[in-house]
Amino acid sequence: MLKIKDWFSHHHEDNAMEGHKTQKHYTNPYLIGLLLGLVLLSAFVIMGRGLGASGVLSTTVAVAVDKVAPAHAQSNEFYKGYLGDGTKNPFKDWLTFSILGAVIGGFISGAISGRNKIMVEKGPRFSNGKRFLFAFIGGSLMGYGAKMARGCTSGQALTGGSLLSVGGWAFMIMVFVGAYGMAYFVRRQWT
Amino acid sequence: MTAPFFKFGYFNDEVSLIVAFVIGIFFGLVLEKGGFGSARMLAAQFYFTDMRVFKVMFTAIVTAMIGLFYFSWIGFLDLSLVYYGETFLLPQLLGGLILGVGFVIGGYCPGTSAVAISTGRIDAIFYALGGMFGIFVFGEMFPYITDFFYSTPMGQINLPDLLGINYGIIMLLVILMAIGGFTAAEWAEKLMAEKQSKARG
């Protein structure tokens, strides 16, 4: 019987963006892109819709607000959109199940490649506490932005992008503009 | 026409959840295998040291785009039944900008953070908690920003319709743009690697 901790490696070899040590472990990006495109295409062919990753977080928030303050949630069009009409569990949804699958798929791939490791992703000059704060702030902006844009990198950029959606392309261009514009100011976190 | 299978009623809602789960597994496998469980790898895109995000995204978009077009062309897939959201230009431009800023500060996007959490990245948990906080703030603000949220509506519209240019020509332009981008990305990575090795002496 394997214990949970056995699934996480304890060696420290991939501790670096230094040189090209880490990059060897990862598959060629064009091949990965091709495979990702095929995953997306199979979603289109089988289901008639693409992928989305931020929806499940929204459902979680809407359900939590509904638990604490039901009248408040029901009077808000945004929360109601995720809660539905009450005839079915809001988590019984395409978006929830695909992200659940992604969590498991990521874990399997990490286990096979020996990359499952309890660690913090950051540059060498940055403290853990600051990294957690930045992750929280960045996550908050992502959550807010994704809802404003009606989707995230999966839903708008990948799905909308491959369907040549105007909104998807407008969104994608602005993601790169925003990230490149901000990169200089947070470089200590990563380099 | 036989696809999209679900839209033609080949299986019910319950089965569609299993399909979602299986497709999700492959989604997670590919993201992790591509290095997207690592925030440092994702952030490297924005410092020109490793342009994986761009390469993977655009190869995926081009692949799915060509596949859709081909399946539609041979009469296998009804492209009009493949769902994508309506365009509301201003909120989507602003949303993209905010998400981009959040991407480089937080190190992930929603999908990649799921993979990062399952492979043991503690910072990704804070990222997801932040994500829920941001959505909560958006939800609380929603009654006050409803007008903006629904502003500049364009309906479900794609680039060929907007520009009045043939679907195939737009596809060709996207492919050419991707190839140009890949070439620039390879060049930028090489330049940065040289610069870094010089700095190290």
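The values are calculated or read from the model by the stated rules, or taken from the named source; none is laboratory data. Everything quoted here is computed from the prediction, not taken from an experiment. Here Cβ is always computed from backbone atoms with ideal geometry, including for glycine, and neighbour counts include all displayed protein chains. Only protein heavy atoms, including side chains, enter the accessible area calculation; ligands, DNA and RNA are left aside. Shrake-Rupley method; radii C 1.70, N 1.55, O 1.52, S 1.80 Å.
Here are some conditions: (1) under 21 Å from residue B:130 (Cα atoms); (2) open to solvent by less than 20 Å² (accessible area, probe 1.4 Å). Residue A:105 meets all but one. Which one does it not meet?
That leaves (1) as the condition not met.
Considering only segment B:151-160, I want to know if a residue exists there that is touching an Asp or Glu at 6+ places or on another chain (Cβ under 9 Å), open to solvent by 50 Å² or more (accessible area, probe 1.4 Å) and part of a helix (DSSP H, G or I). Can you show your working first?
Going through segment B:151-160, the residues touching an Asp or Glu at 6+ places or on another chain (Cβ under 9 Å) turn out to be B:153-157.
Filter again for open to solvent by 50 Å² or more (accessible area, probe 1.4 Å), leaving B:153-154, B:156.
So of that shortlist, the ones also part of a helix (DSSP H, G or I) come out as none.
Checked against the condition, which is being touching an Asp or Glu at 6+ places or on another chain (Cβ under 9 Å), open to solvent by 50 Å² or more (accessible area, probe 1.4 Å) and part of a helix (DSSP H, G or I), segment B:151-160 yields no hits at all.
Could you identify the single residue in B:136, B:142 that is assigned to a helix (DSSP H, G or I), facing chain A (nearest Cβ under 7 Å), open to solvent by 50 Å² or more (accessible area, probe 1.4 Å) and hydrophobic (A, V, I, L, M, F, W, C)?
It is B:136.
Being surrounded by 14 or more Cβ atoms within 10 Å (Cβ to Cβ) and out of contact with any Asp or Glu (no Cβ under 7 Å at 6 or more places or on another chain) is the filter; apply it to segment A:123-135 and report the residue that is nearest to the other protein chains (Cβ to nearest Cβ). Walk me through it before giving the result.
Of the residues in segment A:123-135, the ones surrounded by 14 or more Cβ atoms within 10 Å (Cβ to Cβ) are A:123, A:126, A:131-135.
With the extra rule that they be out of contact with any Asp or Glu (no Cβ under 7 Å at 6 or more places or on another chain), the set shrinks to A:123, A:126, A:133-134.
Details: A:123: 7, A:126: 10, A:133: 8, A:134: 5 Å.
Ranking the qualifying residues of segment A:123-135, first place goes to A:134.
Count, please, the residues in segment A:57-81 that happen to be touching a residue at least 24 places away in the same chain (Cβ under 8 Å) and under 15 Å from residue A:91 (Cβ atoms). Don't jump to the end; show me each part of the working.
Within segment A:57-81, the first condition is being touching a residue at least 24 places away in the same chain (Cβ under 8 Å), and the residues that meet it are A:57-59, A:62-63, A:78.
Next, only the ones that are under 15 Å from residue A:91 (Cβ atoms) stay: A:57-59, A:62-63.
Selection size over segment A:57-81: 5.
Hey, could you check segment B:47-57 for residues that are in contact with a Gly (Cβ under 9 Å, 6 or more places away or on another chain), within 7 Å of chain A (Cβ to nearest Cβ) and not basic (Lys, Arg) and say which is nearest to residue B:173 (Cα to Cα)?
The qualifying residue nearest to residue B:173 (Cα to Cα) is B:57.
So, in segment A:157-191, how many residues would count as being in contact (Cβ under 8 Å) with a residue 12 or more places away in the chain, open to solvent by 10 Å² or more (accessible area, probe 1.4 Å) and more than 7 Å from chain B (Cβ to nearest Cβ)?
Of the residues in that region, 1 qualify.
Which condition does residue B:115 not pass, out of (1) more than 7 Å from every other protein chain (Cβ to nearest Cβ); (2) among the aliphatic types (A, V, I, L, M); (3) closer than 21 Å to residue A:120 by Cα, if it passes all the others?
(1)
What's the number of the only condition in (1) among the hydrophobic types (A, V, I, L, M, F, W, C); (2) at the interface with chain B (Cβ under 7 Å from one of its Cβ atoms); (3) closer than 28 Å to residue A:44 by Cβ; (4) open to solvent by 10 Å² or more (accessible area, probe 1.4 Å) that residue A:112 fails to meet?
(2)
Could you please find all residues in segment B:1-46 being touching a residue at least 12 places away in the same chain (Cβ under 8 Å), open to solvent by less than 60 Å² (accessible area, probe 1.4 Å) and more than 7 Å from chain A (Cβ to nearest Cβ)?
B:2, B:36, B:42
What are the residue pairs meeting all of these: first residue in segment B:67-93, first residue without any contact (Cβ under 8 Å) to a residue 40 or more places away in the chain, second residue of a type in the set (Lys, Arg) and open to solvent by less than 70 Å² (accessible area, probe 1.4 Å), Cβ atoms under 9 Å, and 6 or more apart or on different chains?
If the second residue must be of a type in the set (Lys, Arg) and open to solvent by less than 70 Å² (accessible area, probe 1.4 Å), the pairs left are B:92/A:150.
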